[in-house]
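The values are calculated or read from the model by the stated rules, or taken from the named source; none is laboratory data. If you're wondering where the values come from, they're calculated on a predicted model, not measured in any experiment. Methodologically, a virtual Cβ is constructed for each residue, glycine included, from the backbone with ideal geometry; neighbour enumeration extends over all protein chains shown. In case anyone asks, the SASA skips ligands and DNA or RNA and just uses the protein heavy atoms, side chains included. Shrake-Rupley method; radii C 1.70, N 1.55, O 1.52, S 1.80 Å.
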Amino acid sequence: MSFLSENVIPGNYGKKFTTDAKHPDEFKQIEENLMKLDGVKDVMFENGSKPTVFVIHTNKVVTVKAIEDKVKELELHAVPTGPFFPLA
């Protein structure tokens, strides 16, 4: 485990997660719950991906565990898949 694998760092990079959520109302609940975490700037879901993928950007360091726990509160799961690298 490294600092980068255990945390989401601030900036344009963010981190990708997969989730077992399937319906738009579940996506909205995940986004609303994650936005309650101090430091989360935005949550973006990728259209049409299987499994469902979302990217989180932060303006301060946020632990992956905190993100996983917030999603678990909804009886859903979030699994980190790696950093998100912007194209430009």
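At a glance:
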{"read-out": "Residue within the range 77-86 that is crowded, with 18+ Cβ neighbours inside 10 Å and among the β-branched types (V, I, T) present", "value": "no"}
{"read-out": "Residue among K22, K65 that alone is open to solvent by 50 Å² or more (accessible area, probe 1.4 Å) and under 11 Å from the mean Cα position of the chain (by Cα)", "value": "K65"}
{"read-out": "Filter result for K50 (open to solvent by 80 Å² or more (accessible area, probe 1.4 Å), touching a residue at least 12 places away in the same chain (Cβ under 8 Å) and part of a loop (DSSP other than H, G, I, E, B))", "value": "no"}
